[in-house]
Amino acid sequence: MYGDDHVICVIEDETSGKIIASGSVFIEKKFIRSCGKVGHIEDVVVDAGARGMQLGKKIVEFLAGHAHSMGCYKVILDCSDENKVFYEKCGFKKKEIQMVSLLFPIFKYRWFYLIDAFR
Ligand SMILES: CC(C)(COP(=O)(O)OP(=O)(O)OC[C@H]1O[C@@H](n2cnc3c(N)ncnc32)[C@H](O)[C@@H]1OP(=O)(O)O)[C@@H](O)C(=O)NCCC(=O)NCCS
């Protein structure tokens with residue numbers, strides 16, 4: 001969608017015309033690792049009514065396959081503990097840990113409550 005370096009993949013339900021699954025992959029060009037490339041999978045989601053039909057797996061396999069076809073020596077993603085088995089079934093394995101720096105670390109939750117209050 002944004003060129004070969006940033007692809008958004010969707011699955012459409014042809015009956016309803018609605019998008020029922022999506023995910024994206026961003027291809028990072030590195031300086032180290034001999035200027036190698038790394039694929040970052042993000043935003044994998046399947047509509048609640050369409051889960052359990054292998055659509056998530058299709059999305060992840062497509063995105064990982066695209067990244068590898070672009071020359072990425074690895075493809076990585078972050079996920080919650082509850083999705084670990086899903087990604088293992090997509091061919092991924094746990095490696096290292098995630099670190100984060102938030103823009104509003106203290107106010108993160110209150111900020112969302114504030115937005116909700118004005119809806
Ligand atoms: C996680 C998610 C994308 C899975 O999509 P899905 O289409 O339901 O998954 P699939 O049908 O492709 O599942 C593939 C395999 O993983 C298994 N699986 C899926 N979700 C699982 C889970 N949370 N825990 C354990 N196994 C899981 C399935 O049982 C299936 O196993 P099988 O091949 O042995 O039958 C979906 O539940 C979702 O959108 N969740 C909310 C958003 C989210 O958490 N996204 C991930 C962001 S990191």
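In nm, what is the difference between 0.36 nm times the number of residues separating residue 4 and residue 86 and their Cα-Cα distance?
26.9 nm
May I ask you to give the average projected area over all directions of the convex hull of the Cα atoms of region 33-95, in nm² rounded to one decimal?
Working: hull surface 18.5 nm².
Across all orientations, region 33-95 yields a mean hull projection of 4.6 nm².
Along Cα→Cβ, 7 Å out, is where each label goes; now give me the distance between the ones at residue 97 and residue 28 in nm to one decimal.
1.8
Can you pick out the pairs among 57/94; 58/84; 18/74 whose Cα atoms lie more than 27 Å from each other?
Working: 57/94 17 Å; 58/84 16 Å; 18/74 32 Å.
Distance filter (> 27 Å) returns 18/74.
Is it possible to state the helix-based mean residue ellipticity at 222 nm for the chain, with each DSSP H run of 4+ residues giving -39500 (n - 2.57), the sum divided by total residues, to the nearest 500 deg cm²/dmol? What is it?
-8000 deg cm²/dmol
According to the Kirkwood expression over distinct Cα-Cα pairs, how big is the hydrodynamic radius of the chain, in Å? Show your work: numbers first, answer last.
Numbers: mean 1/r = 0.0610 Å⁻¹.
With all distinct Cα pairs of the chain included, I get 16.4 Å.
How would region 1-60 be classified by its alpha-carbon gyration tensor: rounded, prolate or oblate, with rounded meaning a/c under 1.5 and the a/b versus b/c comparison settling the rest?
prolate
If the only charges are +1 at each Lys and Arg Cβ and -1 at each Asp and Glu Cβ, what is the size of the charge dipole of the chain around the Cα centre, to the nearest 20 debye?
Here the chain has a charge dipole of around 480 debye.
Using Cβ contacts closer than 10 Å as the measure, can you line up 89, 95 from fewest to most?
If I rank by nearby Cβ atoms, fewest first, I get 95, 89.
Coordinate-derived values only; no laboratory data. Everything numeric here is computed off the predicted structure, so don't read it as measured data. Note: ideal-geometry Cβ built from the backbone for every residue, glycine included; neighbour counts use all protein chains shown.
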